[in-house]
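Undergrad: Handing you a structure now.
The values are calculated or read from the model by the stated rules, or taken from the named source; none is laboratory data. Values in this document were obtained by computation on a predicted structure and should not be read as measured data. Here Cβ is always computed from backbone atoms with ideal geometry, including for glycine, and neighbour counts include all displayed protein chains. These area figures cover heavy atoms from the full protein model, side chains too; ligands, DNA and RNA do not enter into them. Shrake-Rupley method; radii C 1.70, N 1.55, O 1.52, S 1.80 Å.
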Amino acid sequence: MTALQSDDAATITVRNPATGAVSGTVPIDDAATVAAKAAQLVAAQPEWEALGPAGRKRWLLSWQDWILDNAKRITEVLISETGKSYVDASLEPIATGDAIAYWANHAAAFLADRHPKAHSPLYRVKRFTTAYRPYPLVGVITPWNFPFAMPGLDVPPALAAGAAVLLKPSEVTPLSAVEFVRGWSEIGAPPVLDLATGYGETGQAVIEHADFLQFTGSTATGRKVAVACAQRLIPYGLELGGKDPAIVLADADLDRAANGIAWGGLFNSGQVCVSVERVYVEAPVYEAFVAKLATRVGQLRQGRDGDTGAMATEAQRDLVSRHVQEATAAGARLVTGGRPTGVGTHFAPTVLVDVDQSMSCVTEETFGPTLPVIKVADADEAVRLANNSPYGLSATVWTADAHRGEQVARRLEVGAVNVNDVLVNVFCPGLPMGGWKQSGIGYRAGGAAGLIKYCRQQGITAPRLSGQKSELLWYPASRRRMAITLAVIRALSARGRRRFGLRPRNG
Ligand code: NDP
């Protein structure tokens, strides 16, 4: 990456991509350092688990306090390594605090033993329990687009579940993760959260020691991570790339649709896994929608104190340029933006129209401030084109009829759909967030499931009665007792005459 340079073999120097200024340095942790950190975390984890959800809640809420108290400083650190606008960066610590409170406050209920009912009267003499025990060490690997909020999505539920966590942030933006972990140690919490900084090799070393691995990043790296986890036979969750469609139906409120799609596509300079990356508009409202979108996007101000900031890396800015150039060369029309501004890694917010489904700005993830717009005949064509993608992260549908919006949502092959809104599902941990197809494996959040994923489940049976010396099927083997047992199972589970070992009359 050109936005940063290594001073030497042991250090990463981090720069602000908007200005080129040096923002800080972090060490490159080698395999031995990662192993030592993992061993310390594993040693501290049993005591953390033994605190139970109520004991852990106390520490988690103190950590939330620390983050809120330091939110302004964290925002500055975020800006210093990403070039984000102030408004975009300021969301991260507060959203993280909100997520911490959710997991801290719900962990006791989410992790409580379940007592499923016996499925058959034969087993009513037993008490059943499903218990949840955390994986001792969860590895969390995060990308550069939300250097504080991305750990904030995945680390708090793992800690709330009772696991220890080793966090590996992106080489491009490690400084915010330093703050994330600093908060945990400054409040004096048990040493169950640590940081491993470095490049891909450091991430690989984290996988070597994790009992569960949660990865967020590109589909290409996610595939490598899955292979590494498979080699170790450890479970994993992958949150990968996306190419989220927006579908604007002819009855939509076009002002709201244009405003929402502008924000959903350009927030964080479009460097959002669930940003709007392609827009399908029904023909009768195409011209009117494009006019409103162009006006809204054309008014945006760029820069630290503007509406949108810089791209996190030069490579990312150049990828966006390529997509725009390839689209215009293939016949798309630029209505606003379309080029780097010449200042740092800023790229002007861009609307492309007369786009077709074959262009790279539609087939590949752009991860930048572009909104390619495609005219469609009707909702069926929009759904067909929206589903014609290897990705399946999320989507939006815009319509005056919320019920119809939900019906369209259910036809989309994606893990989340916002009707008449954008990104909102990400901030609601009661909902599952996960990619279908090449956009991921597994889900984050989703209420109780968001904690249980970080646990090993244990099924326990215990007798309700005491004093029996033997059971029907125990030795010595007996044909008669087996026959009685099988007859009872058949009678309780089969249908019609088969319950009694008979064939149906017309069978
Ligand atoms: P990358 O896949 O390049 O990197 C993600 C993380 O993996 C980084 O910390 C990286 O370290 C690390 N890494 C790289 N190679 C390996 C390896 N072999 N083993 C283990 N870890 C490794 O993603 P980006 O940072 O470029 O992030 C952008 C991508 O993330 C986009 O595709 C975006 O869609 C996706 N994303 C998905 C989200 C979701 O929730 N579905 C949310 C946000 C982003 P290093 O940087 O040091 O190389």
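Undergrad: Going by alpha carbons, how many degrees (0 to 90, nearest 10) lie between the helix axis of 219-232 and the longest principal axis of the chain?
TA: Its long axis makes an angle of about 30 degrees.
Undergrad: Would you mind checking the pairs LYS37/LYS453; LYS37/LYS224; LYS37/LYS168 and listing those with alpha carbons more than 21 angstrom apart? Display every interim value, and only then the final one.
TA: Details: LYS37/LYS453 23 Å; LYS37/LYS224 23 Å; LYS37/LYS168 12 Å.
The answer is LYS37/LYS453; LYS37/LYS224.
Undergrad: Then there's this: For region 254-313, state the average projected area of the convex hull of the C-alpha atoms over all orientations, rounded to one decimal in nm².
TA: Working: hull surface 17.8 nm².
One quarter of the hull surface, i.e. the mean projection, equals 4.4 nm².
Undergrad: Return a whole-number percent for the relative contact order of the chain, with Cα pairs under 8 Å and 6 or more residues apart as the contact set.
TA: On the way: 1124 pairs, mean separation 87.7, N = 507.
Relative contact order, the chain: 17 percent.
Undergrad: Same structure, new question: For the ranges 115-128, 365-378, what's the packing order if you count other beta-carbon atoms within 10 Å of each residue, average per peptide, and put the highest first? It would help to have the intermediate numbers written out before the result.
TA: Working: 115-128: 11.7, 365-378: 23.6.
Packing order, densest peptide first, comes out as 365-378, 115-128.
Undergrad: Can you pull the percent of region 373-489's accessible area that's carbon plus sulfur, 1.4 Å probe, other chains left in place?
TA: Solvent-exposed carbon and sulfur of region 373-489 make up 57 percent of the total.
Undergrad: Something else about it: With a Cα-only, solvent-free Debye model of the chain, what are the log10 I(q)/I(0) values at q = 0.06 Å⁻¹?
TA: After summing over all Cα pairs, the log10 values are -0.34.
Undergrad: Shifting gears a bit: What value, in deg cm²/dmol to 500, does the helix sum -39500 (n - 2.57) over DSSP H runs of n ≥ 4 give at 222 nm once divided by the residues of the chain?
TA: Working: 16 runs with 207 residues, N = 507.
So the calculated ellipticity at 222 nm is -13000 deg cm²/dmol.
Undergrad: How large is the dipole of the chain about the Cα centre if only Lys and Arg carry +1 and Asp and Glu carry -1, each at its Cβ, rounded to the nearest 20 debye? Mind showing how you got there, number by number?
TA: On the way: 51 positive and 47 negative charges, 833 e Å.
Charge dipole, the chain, about its Cα centre: 4000 debye, nearest 20.
Undergrad: Moving on. Using only alpha carbon pairs under 8 Å that are at least six residues apart, calculate the relative contact order of region 244-427 and give it in whole percent. Before the final figure, lay out each step's value.
TA: Numbers: 383 pairs, mean separation 54.4, N = 184.
Relative CO of region 244-427 lands at 30 percent.
Undergrad: Follow-up. Return one whole number: the accessible area per residue of region 244-427 in Å², for a 1.4 Å probe. Could the numbers behind the result be given before it?
TA: Details: 6790 Å² over 184 residues.
Computed with neighbouring chains in place, this is 37 Å² per residue.
Undergrad: When the Kirkwood hydrodynamic radius is evaluated over all pairs of different C-alpha atoms of region 372-507, what value in angstrom, to one decimal, is obtained? Don't skip to the end; give the middle numbers.
TA: Numbers: mean 1/r = 0.0483 Å⁻¹.
One over the average 1/r among Cα pairs gives 20.7 Å for region 372-507.
Undergrad: Next question, about the same structure. Quick one: putting +1 on the C-beta of Lys and Arg, -1 on the C-beta of Asp and Glu, what dipole do you get for region 1-95 around its Cα centre, in Debye to the nearest 20?
TA: Details: 8 positive and 12 negative charges, 60 e Å.
Magnitude of the dipole: close to 280 debye.
Undergrad: Any idea what Rg and Dmax come out to for region 204-286 if you just take the C-alpha atoms, in Å?
TA: 18.5, 56
Undergrad: Which residue, LEU68, ALA400, VAL87, has the largest displacement toward the positive end of the dipole of the chain when charges sit on each Cβ (Lys, Arg +1; Asp, Glu -1)?
TA: ALA400
Undergrad: Identify all lysines with a Cα-Cα distance to LYS72 below 20 Å; exclude those on the same chain that are fewer than 8 residues away in sequence.
TA: Result set, ordered by chain and number: LYS84.
Undergrad: Per 10 Å bin from zero, what fraction in whole % of the C-alpha pairs of region 244-427 is there, up to the bin with the longest pair?
TA: 11, 42, 37, 10, 0
Undergrad: Relative to the first principal axis of the alpha-carbon coordinates of the chain, what is the inclination of helix 86-111, with its axis defined by its Cα atoms, in degrees from 0 to 90 and to the nearest 10?
TA: Tilt of helix 86-111: around 10 degrees.
Undergrad: Right, another one. So if the hydrodynamic radius of region 1-137 is defined as the Kirkwood radius over C-alpha pairs, what does Stokes-Einstein give as its diffusion coefficient at 25 °C and 0.890 mPa s, in µm² per second?
TA: Details: Rh = 19.2 Å.
D = 128 µm²/s.
Undergrad: Using the alpha-carbon atoms, what tilt in degrees (0 to 90, nearest 10) does helix 71-82 show relative to the longest principal axis of the chain?
TA: Taking the Cα atoms of the chain, the angle to 71-82 is about 70 degrees.
Undergrad: Run the numbers on region 373-507 and let me know its relative contact order in percent, using alpha-carbon pairs under 8 Å that are six or more apart.
TA: Computed over region 373-507, the figure is 14 percent.
Undergrad: Placing +1 at every Lys and Arg Cβ and -1 at every Asp and Glu Cβ, with all other atoms neutral, what dipole size does region 244-427 have around its Cα centre, in debye to the nearest 20? Display every interim value, and only then the final one.
TA: Numbers: 15 positive and 23 negative charges, 83 e Å.
The calculation lands at about 400 debye.
Undergrad: What lysines does LYS375 reach when the alpha-carbon gap must be under 23 Å and sequence neighbours fewer than 8 apart in one chain are set aside?
TA: List returned: LYS243, LYS292.
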